[in-house]
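Chemist: Questions regarding the structure given below will be posed in turn.
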Amino acid sequence: EADIYQTPRYLVIGTGKKITLECSQTMGHDKMYWYQQDPGMELHLIHYSYGVNSTEKGDLSSESTVSRIRTEHFPLTLESARPSHTSQYLCASSENGRGGRVGNEQFFGPGTRLTVL
Amino acid sequence: KNQVEQSPQSLIILEGKNCTLQCNYTVSPFSNLRWYKQDTGRGPVSLTIMTFSENTKSNGRYTATLDADTKQSSLHITASQLSDSASYICVVSDRGSTLGRLYFGRGTQLTVWP
């Protein structure tokens, strides 16, 4: 069981609300990631971070923002939620190291299921 | 276009039976291929990982194969159990980026009936 946590697990919220999805890991990993996953579809990378004060946008355009002030914490924020943001959001982390190495496994959190009404 | 294609999209088998899931990829340059198991409402968990030089890797009742020439992989599940019901995702990593970018298939939804 990976030591990566996400809260809340489920969130139902009205349009226009500001929300923050929390992600924390206790493995000391430098790299962290946010993915978006719709039912029956592949995971899409929306944000990633190489370490503290590093954030980058992923492959899928997202209106969300992220911050990385501490190594273990990588929250995702939506300033104004819309129904199109309804999805599952998965956080992951991996050890630092050159990309593509065998040991660079990504460990996933349990996910947050977001529903915007 | 998704660079990782999985088949079948869904599969129903009876408890105790075997099954094989398929994965074709076009990711290049190839680094490694992982099979993940994702239970409903949970994050994916890695089952096996294979590099270019590996043809077979086992993890208990799960056996993965890789043909790097044809860019195909399979996951064979032996003597299925009810707890095997989950989505099985093929994930390919490329060798060209410092991020270690992952390319995800859409998964095969496996249901094991008693």
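No value in this document is a laboratory result; all are computed from the given coordinates. Since this is a predicted model, take the numbers as computed values, not measurements. Neighbour counts are summed over all protein chains in view; Cβ atoms, including those assigned to glycine, are modelled from backbone coordinates with ideal geometry.
Chemist: Do any of A:LYS18/B:LYS71; A:LYS57/B:LYS37; A:LYS31/B:LYS37; A:LYS57/B:LYS57 go past 32 Å between their Cα atoms, and which?
Modeler: A:LYS18/B:LYS71; A:LYS57/B:LYS57
Chemist: Would you list A:PHE107, B:PHE52, A:PHE74 from fewest to most Cβ contacts within 10 Å? Present the calculation step by step, with values, prior to reporting the outcome.
Modeler: Numbers: A:PHE107 20, B:PHE52 12, A:PHE74 29.
Least crowded to most crowded, the residues run B:PHE52, A:PHE107, A:PHE74.
Chemist: List, in order, the whole-Hz ³J(HN,Hα) value for each residue of the range B:3-10 obtained from phi through the Karplus relation with A = 6.51, B = -1.76, C = 1.60 and θ = phi - 60°; use x for Gly and Pro.
Modeler: Working through the residues one at a time gives 8, 10, 10, 10, 8, x, 5, 8 Hz.
Chemist: Separate question: Return a whole-number percent for the relative contact order of chain A, with Cα pairs under 8 Å and 6 or more residues apart as the contact set. Numbers along the way, then the final one.
Modeler: Numbers: 295 pairs, mean separation 41.8, N = 117.
Relative contact order here is 36 percent.
Chemist: Let me ask something else. Short version: ³J(HN,Hα) in whole Hz for each residue of the range B:65-72, in order, from phi by Karplus 6.51 cos²θ - 1.76 cosθ + 1.60 (θ = phi - 60°), x for Gly and Pro, what are they?
Modeler: 10, 9, 10, 5, 6, 8, 6, 10
Chemist: Using the charge dipole of the protein assembly as shown (Lys, Arg: +1 at Cβ; Asp, Glu: -1 at Cβ; taken about the Cα centre), state which of B:PHE104, B:TYR25, B:TYR88 has its Cα farthest towards the positive end.
Modeler: Of the options given, the answer is B:PHE104.
Chemist: Please identify which residues in the range B:20-62 have an amide N closer than 13 Å to a label point set 7 Å out from the Cα of B:THR78, following the Cα→Cβ vector.
Modeler: Under 13 Å, as judged by backbone N against the label point of B:THR78, lie B:57-62 of the range B:20-62.
Chemist: Report the gain in length on full extension from A:THR15 to A:ARG82: 0.36 nm times residue separation, minus Cα-Cα distance, nm rounded to one decimal.
Modeler: 23.6 nm
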